[in-house]
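Asker: Please see the structure below; I have some questions.
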Amino acid sequence: MTTVFPLPSPALPEFTTLLLKGPYHASAPIHLCLTHLANHPGTRAILLSPSRDNFIAALRDLNDDWLNECGGYGVVSQVLSRVDVFYPSTPHHASLALSMLRVSQPEKAPSQLEIASPCLLLLHEFSSYFLDQENSHL
């Protein structure tokens, strides 16, 4: 049951592609990764966010009670260890990171950022790349 809220909560329908538009709480990407990976053992998630500082500040400001209470539990930490977070700082870096993603092929030596299939690829706040510089703090 994949969701963007701490459990118990309404579940998202099964998806292969999902777009979440509009305001949502800062910990939604974490809960989405956690619940998706908990339901898909042996898979990984990749989270791309344009600003580490903004992402951490938003999480700190939200002060998610569930993450504070349960985030250190072994089972939660084990699931979170399967999430790789990258912070491409510009649209060019994001494009490069996305172009390097390949489904892993064990018979070849790794030369790109390889991911095992199936995998959750989460593009967080990517619209900020399209803001002009003077409005990029919004």
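The values are calculated or read from the model by the stated rules, or taken from the named source; none is laboratory data. These numbers come from a predicted model, not from an experiment. All Cβ positions, even for glycine, are placed from backbone atoms using ideal geometry, and neighbour counts span all protein chains on display. These accessible areas exclude ligands, DNA and RNA; they are computed on the full protein's heavy atoms, side chains included. Shrake-Rupley method; radii C 1.70, N 1.55, O 1.52, S 1.80 Å.
Asker: Filter segment 9-20 down to residues that are open to solvent by 90 Å² or more (accessible area, probe 1.4 Å) and closer than 25 Å to Asp61 by Cβ, then give me how many there are. First the steps, then the outcome.
Answerer: Within segment 9-20, the subset open to solvent by 90 Å² or more (accessible area, probe 1.4 Å) is 10, 13-14, 16-17, 19.
Among the residues that remain, those that are also closer than 25 Å to Asp61 by Cβ are: 10, 19.
The number of residues fulfilling the criteria is 2.
Asker: Right, here's the next one. Being under 18 Å from Phe126 (Cβ atoms) and surrounded by 14 or more Cβ atoms within 10 Å (Cβ to Cβ) is true for just one of Pro88, Pro23. Which residue is that?
Answerer: Pro88
Asker: Something else about it: So if I check each of Arg52, Arg60, Arg44, which one is in contact with a strand residue (DSSP E or B) (Cβ under 6 Å, 6 or more places away or on another chain), closer than 27 Å to Ser127 by Cα and open to solvent by 80 Å² or more (accessible area, probe 1.4 Å)?
Answerer: Details: Arg52 fails: in contact with a strand residue (DSSP E or B) (Cβ under 6 Å, 6 or more places away or on another chain); Arg60 fails: in contact with a strand residue (DSSP E or B) (Cβ under 6 Å, 6 or more places away or on another chain).
Unique residue meeting the criteria: Arg44.
Asker: So which residues in segment 63-81 are acidic (Asp, Glu) and open to solvent by 70 Å² or more (accessible area, probe 1.4 Å)? I'd like the intermediate steps shown before the answer.
Answerer: So in segment 63-81, the residues acidic (Asp, Glu) come out as 64-65, 69.
Listed by number, the residues that qualify are Asp65, Glu69.
Asker: For segment 44-137, please list each of the helices (runs of 4 or more DSSP H) lying entirely inside it that holds at least 2 residues being modelled with pLDDT of 90 or more and small (Gly, Ala, Ser).
Answerer: Details: elements: 52-62, 65-70, 74-80, 91-100.
Here the list reads 52-62, 74-80, 91-100.
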